[in-house]
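Asks: Handing you this structure, nothing more for now.
The values are calculated or read from the model by the stated rules, or taken from the named source; none is laboratory data. As the structure is a prediction and not an experimental result, all values here were calculated from the model. As a convention, Cβ positions derive from the backbone with ideal geometry for all residues, glycine included, and neighbour counts pool all protein chains shown.
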Amino acid sequence: MLFIIAFWLLVKPFLDKEHNAHRAIVAVFAVVIGIRYLLWRYFYTVTPGEKNFDIGYFWVLFVFSVEVLAFVEVVIFLLIMSRTNERHKEADHYQKDLFRFPSVDVFIPTYNEEIDVLEKTIIGAKNIDYPNFKVWVLDDTRRQWLKEHCAEKGVGYLTRPDNRHAKAGNMNSALKHTSGELFAIFDADFIPAKNFLMRTIGFFIHNDDIGIVQTPQHFFNKDPIQSNLYLSKVWPDEQRLFFDAMAPCRDSWNAAFCCGSCSIIRREAIEKAGGIPTSSITEDLLTTLTLLTFNYRTIYLNEKLSQGMSSESVEGFFVQRARWCQGGIQCFFVKEGPLRAKGLSPLQRLLFAPYGWLVQPITRFMLLMTPIVYLWTGLSPMYFIHIGDILFYQLPMLLLFVLAIRWLASNRYIPLISTAVGVFSMFRMLPVVVASIIKPFGVPFKVTPKGSGSDTGTDYYILYIVLTLIFLTLAGIMINLVPEYQILTTKQFFPYAIGWATFNILLLGICALICIDAPRKRLEERFPIEEEIDFRGHKVVIEDLSLGGCKIRHGAGERIVQRGDIADIHIPDISGLLSMEIINSNKAAFMVKFINTSSEQRDEIIAKLFTGKYNNQVAGVQHIYSVISQLFLRAFGKEME
């Protein structure tokens, strides 16, 4: 422990996480300490000399096997994170040297999304700053009103007679009716930035072997984890660890992959591959693997060039992840998958294998169940030696893993909350894993409910399981503290089990909070814009703006409007005057709701807010103490403003 603490305090400050050699030092150090632990674990706590081949021995062996699986996953993660690659300078160079503008089709595949979701994507796509592109809405629900809306907005509309092969089939159908040299894909809830094409096109012009350029997925609203824990101001959305930290690292290993949306693809490459693969519901990963067999690379440009709508409810959160999980497991069985695809290197097969979907639910389940099994049956997860051995072997490894991951992942990870989110997901993902292994195919593609199609509520299924596990854990501790009722015949492992159980109760408590969807306060997200304007002879500042209204700050020291007043206001980039109703007012600011907004003005507000100029995201973990404070207040039903 002292050695690791000394390393972190004395050596780490001289390491640069942008330097691959320095990243490798940290990763290798963590792996070595992990191997040290596993060797001790096997030789001293699994096979310590004489043993009986009874249920106790097989339980010890089973727990150790799960630990090995978890360690393998951590090693692969550290391998990925030991290198990183940023392409900002490359994109700058290519943008300055654009000598031609290839034609681009911008695809917006949609199934059942409502207009409040679709309109932002359509308007955002129309406003891309590029001279040679066409927007196409690919409607797989064959809605007449959407066809008319596309005609009104001046974008293309395509449909097909059936929904065969879901999203992949929809795009393959669209490719037959379009001719762009490249095609970009934006899911119905993702809005491209104005400069999306200007930042990505150059990679294709200067590199004939690039088949796909993938960009990160950012979100303008709060995901269920942020909302339900009241961490929306201090904790980034759940996918930032992958898109901000892992994806650039995968790119450095030539293992970046298409994520389905916010990507641009070379048509020639897809045509050589015979179209977008349809054998799995995660067509994006298979597209990358298929193009690799034709010597086309997928690269990752880590720039915010779009923003979309995260799932707004626990239900939507799990619909999305169940689809990813099922599709990931399907990849083990199809010919385009990482195990069977031709032309992949052994390292690529390793890095593309979706092992995490199989391993993580099992290891998280065992994390919760091991102390419960011990407290209620007396079955120890190891032949116990001494509490000092835990301090000497296990805790240093856990400490170093946490420190290394936090450093390598650039402040996108907090052990307690990140682990709790993983445990929370496990309750739904474990049944999906089992069902997908038994029957990997045949389950229909489900679209994540968002916008007006998304309902909030409480996930009672997980909540009841969480409360049951908390009860079993607490009761197991209590019953073994009473001599007349205690189950354990030896108490050597008991102090450690109490510590483990306490940690699990904290995890389960956070899971219980996540189960309850927080109420939505607004229909539309507000963006901080801080723009000064004139209003009735006063210099005022538009503090934030949404499609439905805004907050205006002034320094008059008195009320300059009253609740219920109707007024007009001019907002930069919006034509004409916007009519507004005052819905709240004080001596420093007032809140307004827009009324009688024209269709043109609404489109201009969408273009102003969603196409790259403004941002309301939390970039990384903001102040760990704020995170803890918010969690504490959420547990007691309060929110810190």
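Asks: When region 275-297 is examined, which residues are found to be hydroxyl-bearing (S, T, Y) and more than 15 Å from I185 (Cα to Cα)?
Replies: Matches in region 275-297: T278, S279, S280, T290, T293, Y296.
Asks: To continue, here is another question. Just to check your reading of the model, which residue among R240, R250 is among the basic types (K, R) and in contact with a strand residue (DSSP E or B) (Cβ under 8 Å, 6 or more places away or on another chain)?
Replies: Values: R240 fails: in contact with a strand residue (DSSP E or B) (Cβ under 8 Å, 6 or more places away or on another chain).
When all the criteria are applied, what remains is R250.
Asks: From the set of residues in region 108-143 that are on the phi < 0 side of the Ramachandran plot and basic (K, R), which is surrounded by the most Cβ atoms within 10 Å (Cβ to Cβ)?
Replies: Checked region 108-143; the qualifying residue surrounded by the most Cβ atoms within 10 Å (Cβ to Cβ) is K120.
Asks: Name the single residue, out of those in region 288-300 being touching an Asp or Glu at 6+ places or on another chain (Cβ under 8 Å) and of a type in the set (A, V, I, L, M, F, W, C), that is farthest from H88 (Cα to Cα).
Replies: Among those residues, the one meeting the criterion is L289.
Asks: Among all residue pairs at least 6 apart or on different chains, which show Cβ distances below 8 Å where the first residue, located in region 516-544, is outside any loop (DSSP other than H, G, I, E, B) and the second is of a type in the set (G, A, S) and at pLDDT below 90?
Replies: That search, which allows pairs on different chains as well, returns H538/A556; K539/G555.
Asks: For the list (1) crowded, with 17+ Cβ neighbours inside 10 Å; (2) in a helix (DSSP H, G or I); (3) not assigned by TED's automatic domain parsing to the domain that holds F71, I need the number of the one condition that L344 fails.
Replies: (2)
Asks: Six or more apart or on different chains, Cβ atoms under 6 Å: show the pairs whose first residue is in region 458-478 and assigned to a loop (DSSP other than H, G, I, E, B) and whose second is among the hydrophobic types (A, V, I, L, M, F, W, C) and buried (at least 18 other Cβ atoms within 10 Å of the Cβ).
Replies: So the pair list comes out as D459/V314; D459/C515.
Asks: What is the residue count in region 479-515 for residues that are touching a residue at least 12 places away in the same chain (Cβ under 8 Å) and of a type in the set (D, E)?
Replies: Residues that pass the stated criteria total 0.
Yes or no, residue by residue, for (1) of a type in the set (S, T, Y); (2) free of Cβ contacts under 8 Å to residues at least 40 places away in the same chain:
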position	(1), (2)
P346	no, yes
T370	yes, no
Y374	yes, no
G378	no, no
L391	no, no
Q394	no, no
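Asks: Tally up the residues in region 97-107 that are charged (D, E, K, R), modelled with pLDDT under 95 and either surrounded by 12 or more Cβ atoms within 10 Å (Cβ to Cβ) or over 30 Å from N172 (Cβ atoms) (or both), please.
Replies: 1
Asks: Could I ask something else about it? Out of the residues in region 364-391 that are buried (at least 19 other Cβ atoms within 10 Å of the Cβ) and within 23 Å of the chain's Cα centre (by Cα), state the one that is farthest from G476 (Cα to Cα).
Replies: Looking at the filtered set, the residue picked out is R364.
Asks: Are any residues in region 340-352 at pLDDT below 90 and of a type in the set (A, V, I, L, M, F, W, C), and if so, which ones?
Replies: Residue satisfying the conditions is A341 alone.
Asks: Please go through region 192-249 and pick out each residue that is surrounded by 22 or more Cβ atoms within 10 Å (Cβ to Cβ) and assigned to a strand (DSSP E or B).
Replies: Residues satisfying the conditions are P192, G211, I212, V213, Q214, F219.
Asks: For region 493-530, enumerate the residues that are closer than 25 Å to S579 by Cα and surrounded by 15 or more Cβ atoms within 10 Å (Cβ to Cβ).
Replies: Passing the criteria: E524, E525, R526, F527, I529.
Asks: Under 7 Å by Cβ, and 6 or more places apart or on different chains, what pairs join a residue from region 94-115 that is of a type in the set (G, A, S) with one that is not in a strand (DSSP E or B)?
Replies: What qualifies is S103/N132; S103/G180; S103/E181.
Asks: Now for a separate question. How many of the residues making up region 144-167 are surrounded by fewer than 19 Cβ atoms within 10 Å (Cβ to Cβ) and at pLDDT below 95?
Replies: 4
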